[in-house]
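Data block below; observations after.
Just so you know, all these numbers are worked out from the coordinates, no wet-lab data involved. Small disclaimer: the values here were computed from a predicted structure and weren't measured. Cβ: placed from backbone, ideal geometry, glycine included. Neighbour counts: every protein chain shown.
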Amino acid sequence: MFNIVLVEPQIPPNTGTIGRLCVNLGATLHLVKPLGFDIDDKAVTRAGLDYWKELDLIVWESFDEFLYKHPIGEHTHLATTKTDRLYFDAKFNIGDYILFGSETKGLREDILLDNKERCLTIPMGSKGRSLNLGISVGIVTYEALRQNYNGFKKITILNSLEGV
């Protein structure tokens, strides 16, 4: 499906909630260290409920390691508040990587500046600076799903038939 990448996440319940979303979509969750919590933290598993054991999870030791294996290209989207390009103007494909920075810092500025055409944002009113990470991941990922729903539907049907 999609690859959701959390770069240096800090808040365990956000990561647990995003893990639950990934399980429900059949998406892979990539966590890039350093993490602001222990991956076995009760807050992560509580937010992820019993979904956490079903999660397709990959943990990376560093952002540089992730980028070495998955260089930023046409199937990469960088979520940030530092662009005017709206997420619903982006074209998503199954298998794309959607990157989100930490709750406190976002993605590295050099990465954003070198990849302006890959950046996207969620529109907000003038009183807000940003949205909760879990909400942001849900908004963008479900737009990606909306654009690829027929493919998702076929994948879901095929996966359910494998158990028959």
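Under a Gaussian network description of the chain, with springs only between Cα atoms under 10 Å, the residue in LEU35, LEU67, LEU99 that fluctuates furthest is LEU67.
Between the C-alpha center of the range 60-130 and that of the range 7-29 there is a gap of 16 Å. Put a plus charge on the Cβ of each Lys and Arg, a minus charge on the Cβ of each Asp and Glu, and nothing anywhere else: the dipole of the chain about its Cα centre is then about 540 debye. With distances taken between every two different alpha-carbon atoms, the range 57-119 has a Kirkwood hydrodynamic radius of 12.5 Å.
Less than 5 angstrom separates the built amide H of SER62 from those of LYS33, all sequence-distant by 5 or more or on a different chain.
Please compare each pair in LYS53/LYS105; LYS33/LYS53; LYS33/LYS127 to a cut-off of 25 Å on the Cα-Cα distance and tell me which ones are over it. Beyond 25 Å: LYS53/LYS105; LYS33/LYS127.
In the chain, a dipole from Cβ-located charges (positive for Lys and Arg, negative for Asp and Glu) runs towards its positive end, and of ILE122, VAL5, ILE98 it is ILE122 whose Cα lies farthest in that direction.
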